[in-house]
1. With a Förster radius of 30 Å, plug the Cβ-Cβ distance of B:ALA163 and A:SER259 into 1/(1 + (r/R0)^6) and report the FRET value to the nearest 0.05.
2. List the lysines whose Cα sits under 21 Å from the Cα of A:LYS172, skipping any in the same chain fewer than 8 residues away.
3. Would you work out the charge dipole size for the range B:112-160 about its Cα centre, treating the Cβ of every Lys and Arg as +1 and the Cβ of every Asp and Glu as -1, and quote it to the nearest 20 debye?
4. To test your reading of the geometry: what angle, between 0 and 90 degrees and rounded to tens, separates the Cα axis of helix A:280-293 from the longest principal axis of chain A?
5. Would you mind giving the average projected area, over all directions, of the Cα convex hull of the protein assembly as shown in nm² with one decimal?
6. By how many degrees, between 0 and 90 and to the nearest 10, does the Cα long axis of helix B:317-330 differ from the longest principal axis of chain B?
7. Using a cut-off of 13 Å between beta-carbons, work out the net charge of the residues near A:GLY123 (Lys and Arg +1, Asp and Glu -1, A:GLY123 not included).
8. Using a cut-off of 13 Å between beta-carbons, work out the net charge of the residues near A:GLY174 (Lys and Arg +1, Asp and Glu -1, A:GLY174 not included).
Amino acid sequence: MSIFVDENTTVIVQGLTGSQGRFHGLRNRDYGTKVVAGVTPGKGGTDVDGIPVYDSVKEAVEATGAVASFVVVPPRGAAEAILEAAGAGISLVVCITEGIPAQDEARAVNILKRDFPTTRLIGPNCPGIISPGKCNIGITPGNIALPGGPVGVVSRSGTLTYQALHELSQQKVGQTTCVGIGGDPVPGTSFVDCLAAFEQDLETRAVMMIGEIGGSAEESAAEFISASMTKPVVAYIAGQTAPPGRRMGHAGAIVSGNSGTAQGKMDALNAAGVRVAKNPTEAGEIMVDIVHSL
Amino acid sequence: MDLFEYQGKQYFERYDIPVSKGGVAVSVDEAVRIADSVSYPVVVKAQVKVGGRGKAGGVKLASTPEEVRQHAGNILGMDIKGHTVERLWVEHATDIAKEWYASFTLDRAAQLHLLMLSVKGGVEIEEVARTDPEALVKVHVDPSEGYSLSQAMDAVTKAGIDAEVRGETAKLLVDLYRCFVEGDCDLVEINPLVLTTGGKVHALDAKVTLDDNAMFRHPEWEEFAATDTTDEREKSAKQRGLNYVGLDGDVGIIANGAGLAMSTLDVVSQVGGSAANFLDIGGGADAALMTSALDLINSDSNVKSILVNIFGGITRCDEVAKGIVQALAGVDLKSSIVLRLDGTNAEEGREILAGHISDRLLVEKTMLDAASRAVAMAATKDSNGGDQG
């Protein structure tokens, strides 16, 4: 089993004709993902390596019945692209775009909640979602993930997600699904959404979460874990040595005053019974031990 | 990007938010000229992006040109919590009847905008929230709905703003929200928002944080960007298009991805070292960007060893390797590089580097090993440097 996607998920790529869209769209298809169409306004009727391109998401959905969209659109058009997908009936939108203005993102996420409550947005500013051996939507290098479970992975960071997959796969510990929720202040999918889905997923038997400084999503995750989670969780929080008031690469990675610190998040997770590692390698080691003892 | 008070006030003016008449000065003479033009008495205010300047003596009232000269001379060049005062804001002094507080920001947990309004202004709002939470009105605003005058009237009434200026204050809040949204701010804060003895509502201070991601639609932000940082390393990084934060340690850091870069700082600290910087070369970095990053780190005189931590996703390890080879040839590297390379095309990358391994370039298999080696090298160089000096 997997969460949010599986081997039957049909995907369109918004921005398939751009260099990034083409590169990652074709890579996703090579991985085995059912990439059925592309969308670029004005480029309808053309194709990218045999994948038909449509002018709008609506046309692409009507022609292919796609249920998911991979948004690879520059920051100025990304929020509109997300809403266009939702409006056309897409139920899963994966947006990797980094640099979307915070005001656009907040507006789009709230319009989704109000008008399209059944559409799930993953990201923006994330590596996407991969269920190893089944479906890869986004930019995660497929070869570092290992099919078969039993670990679910959820992370705010792209490269740290790769690092985590690498640590697990090297020890022959597979993953059910790996969700990159992204490093922006207003993500469409939260830690709690993913933890809840992993808790329900029969094949997932343990969860690794990778958080970072800024906001309070990890504290909310700790509350959820404490109240509702039976499966073991291992966590790592990046930015333990980050200076306050400075944005560390991600738009959402900033310690404001006393809030959003790595220590606060680690304490909350510890109190919720989560095994908190001090670096990604240790998180991998702890998880391998847990999986071997399951 | 945080704005200086004077920039914040100029930004407020675009959205019809009332501020005092004033001007920015970089010299004593200029301060006096501005004071003469806005009429006395005036307030001379240090422009620093840090709180507590009043207590530090950075805000002074002046009634004559001589007093302006004296205060401006004292304040220019003053150090306030590590920030050197390079600019003054000189404005006509306001007769204050009451001091209030107003701000809009994003409540990340609720994913909604948040108005905070209080009749207890002029002090730190965290203090009010702790000691007198009843006096702080917090109202969520749905970013997909906007903010209306009637919502603003409800808020000012609830906050206990004086009845005769409720309409005026509500209008100011609507304008402030417009500044927040249309002006692409992460934060707009007025503390204090004052009621003058003449019965006018007025922004006596301005704290504005702009959303760097919206730069593309605000060409007018160029002038703010020009004064954004005084750290020469950060200025240089900005020109190179690198995501950089200067720190105090001696291990230079280059990583791809914000999370991996943060994690690299953590691991360096865990093995007993201290990072000189945060530097994320981002996804899809090519050889030229890698060379540029090494050149930047090399120009930091505090750096004693360089740790390059790459996990290739979009970034290809062969490109990173090429960049390092180019830097070895073209940049006079003052410190040795310790490299960890994994992910996309890592094998190809290692092959490219194979002929270049020396005491100037070492490759370690894991992030922890690479960090330990880089920290040890910085420590060795430190003690050697000490012996020579």
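1. Details: r = 35 Å, r/R0 = 1.18.
Once the sixth-power term is evaluated, E becomes 0.25.
2. A:LYS134, A:LYS231, B:LYS365
3. Details: 4 positive and 8 negative charges, 18 e Å.
For this selection, approximately 80 debye.
4. Result, in degrees: 80.
5. Working: hull surface 128.6 nm².
Taking the Cα atoms of the protein assembly as shown, their convex hull projects to 32.1 nm² on average.
6. So the inclination is approximately 90 degrees.
7. Values: positive: A:ARG120, A:ARG156; negative: A:GLU98, A:GLU105, A:ASP184, A:ASP193.
Once all neighbours under 13 Å are counted, the net charge is -2.
8. Details: positive: A:LYS134, A:LYS172, A:ARG205; negative: A:GLU167, A:GLU203.
Here the charged neighbours net out to +1.
The values are calculated or read from the model by the stated rules, or taken from the named source; none is laboratory data. Computed from a predicted structure; not experimentally measured. Note: ideal-geometry Cβ built from the backbone for every residue, glycine included; neighbour counts use all protein chains shown. Surface areas here come from the heavy atoms of the whole protein model, side chains and all, with no ligands, DNA or RNA. Shrake-Rupley method; radii C 1.70, N 1.55, O 1.52, S 1.80 Å.
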